[in-house]
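Some notes on the structure that comes next.
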Amino acid sequence: MIELVASIINYKTLDLTQTLVESLLKFYPDLPILLIDNGSNDESSAYIRTLDCKNVKPIFNEYNYGHGPALNQALTSANAKYVLTLDSDCKVLKAGWIEQMLDAFKKNRNLYAIGQLLQVNARGFNDQTGEVAYVHPSTAIIDTAKYATLKPMFHHGAPCLQNMIDAKARQYDLADFPALRSYVAHHDGGTGGRYGGWEPNVKRLAEDRPFLSIVTRCYKRPQGLQRCMESIARQTDPDYENVLIVDDKGIGVIKANGLFHQHRERVRGEYVHLLDDDDILLDNELVWRLKCIARTHGWPDVIMFRAVHPGGSIKPPNELWGKKPEGGQIGGESYVIKREIWKKHIHVFGEHGYPGDFYFITELFNHGYSVFWCDTVIAQAFTQNIGKREVVAG
């Protein structure tokens, strides 16, 4: 593992990216650079493809994932002890600052990040009375080992917000480098200034609505529930909510199918996924993956995935992939649905007894909703009740 890698995120800013790369290489010609193009597909990505420098490693994302996810991509793939993050609208003015910033880590082993240290409010806006200490990622050096223990960077505008809050909770140190702007000029007019919004060309939701609601029914299986919730907590993108529906009376799985409809107003996400307490998520990037699918495939009504069922079988199986599901060959953990459609039809889940998941997805297919098929295994189910009598309390 090398000591330091610089990371630059490009999104349709040819002039700025070119200026930054050339100025950085002028003063630090041997510094490895990870140059990530965020789905630009314009002259800026063409420039990166033709850039003749052995120290520059380009990565071309198929889509614009946003600034935060691209920063997370750099920090998790750099294979370096530290990553220097640089916004594309920066220009290096002279040498000497990287050495000073790295020296701070040698003096303080508890240091997580160093750069321009700000105070921001809970929404990430500059506010000297704000409670959140925030090292601005426009020019910062970050300890990758410590980053791996924290919530990831995940949106545009203030991509480090939750990450810095988590760093404080873990009692990591953040440091200010007051002389930074004498070494690096930040013009603050890059992607956000040119294309607007917190995440250009990516649909944003209302701030009080998560992207995904993961709805979990549970009944007196604390170990299973803990395992389920721990698998959810490993999502790299925290733009989700976990709605727990508790069968506190032991009404049994058949009657409990109606609980989804009873609790439908508690669900707020743009999309909804059902994951019972005896299931786990296997895909730690499900939320991120759904966002990519939604914004590049016209926000489909239903997104179909695959899941591991008891005995190790994968459902839906190959012979039914891309086709209308058949009974016994699909479970509720295999599909994700737009919230309004989920609310409109979820009563069907509890109308026919067992298996409600099959009747519900059949209802959606019968109504002709748009379906996107993503051939990825996202979940695992551990128990199967078909053919067995369920023990009901009382």
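The values are calculated or read from the model by the stated rules, or taken from the named source; none is laboratory data. Since the model is a prediction, treat every value here as computed from it, not as a measurement. Glycine gets a Cβ as well: all are built from the backbone with ideal geometry, and neighbour counts include every protein chain shown.
Residue 70: of a type in the set (A, V, I, L, M, F, W, C) and modelled with pLDDT under 90, yes or no?
yes
So which residues in region 269-284 are modelled with pLDDT under 90 and either surrounded by 17 or more Cβ atoms within 10 Å (Cβ to Cβ) or touching a helix residue (DSSP H, G or I) at 6+ places or on another chain (Cβ under 8 Å) (or both), if there are any at all?
276, 277, 278
Identify the residue in region 139-157 that is surrounded by fewer than 18 Cβ atoms within 10 Å (Cβ to Cβ) and in a loop (DSSP other than H, G, I, E, B) and, among all such residues, is modelled with the lowest pLDDT.
Residue satisfying both the conditions and the ranking: 157.
Could you please tell me which pairs satisfy a Cβ distance under 8 Å, a separation of 6+ or placement on different chains, a first residue in region 256-271 that is within 12 Å of residue 215 (Cα to Cα), and a second residue that is outside any helix (DSSP H, G or I) and of a type in the set (Ser, Thr, Tyr)?
267/213; 268/213; 269/213; 269/240; 271/213
Which ones in region 29-39 are among the β-branched types (Val, Ile, Thr) and either within 16 Å of residue 61 (Cβ to Cβ) or in contact (Cβ under 8 Å) with a residue 40 or more places away in the chain (or both)?
Once the filter is applied, which keeps residues that are among the β-branched types (Val, Ile, Thr) and either within 16 Å of residue 61 (Cβ to Cβ) or in contact (Cβ under 8 Å) with a residue 40 or more places away in the chain (or both), region 29-39 yields only 36.
May I ask you to list the residues in region 125-138 that are over 18 Å from residue 83 (Cβ atoms) and either modelled with pLDDT of 95 or more or touching a His at 6+ places or on another chain (Cβ under 8 Å) (or both)?
The answer is none; no residue qualifies.
Residue check: is residue 62 in contact with a Leu (Cβ under 7 Å, 6 or more places away or on another chain), among the acidic types (Asp, Glu) and either modelled with pLDDT under 95 or not assigned by TED's automatic domain parsing to the domain that holds residue 105 (or both)?
Answer is no for this residue.
Report yes if some residue within region 77-85 is free of Cβ contacts under 8 Å to residues at least 60 places away in the same chain and within 22 Å of residue 161 (Cα to Cα); otherwise report no.
Yes, that holds for at least one residue.
Can you tell me which residues in region 326-364 are surrounded by fewer than 22 Cβ atoms within 10 Å (Cβ to Cβ), free of Cβ contacts under 8 Å to residues at least 60 places away in the same chain and part of a helix (DSSP H, G or I)?
340, 341, 344, 345, 348, 358, 359, 362, 363
Evaluate the following for residue 42: is it among the acidic types (Asp, Glu), crowded, with 21+ Cβ neighbours inside 10 Å and touching a residue at least 24 places away in the same chain (Cβ under 8 Å)?
Considered against the rule, which asks whether it is among the acidic types (Asp, Glu), crowded, with 21+ Cβ neighbours inside 10 Å and touching a residue at least 24 places away in the same chain (Cβ under 8 Å), residue 42 comes out as no.
Do we find a residue being in contact with a strand residue (DSSP E or B) (Cβ under 9 Å, 6 or more places away or on another chain) and part of a strand (DSSP E or B) anywhere in region 283-299?
Scanning region 283-299 turns up no residue that is in contact with a strand residue (DSSP E or B) (Cβ under 9 Å, 6 or more places away or on another chain) and part of a strand (DSSP E or B).
Which residues, taken from region 239-252, are within 30 Å of residue 285 (Cβ to Cβ), surrounded by 16 or more Cβ atoms within 10 Å (Cβ to Cβ) and modelled with pLDDT under 85?
The answer is 239, and nothing else.
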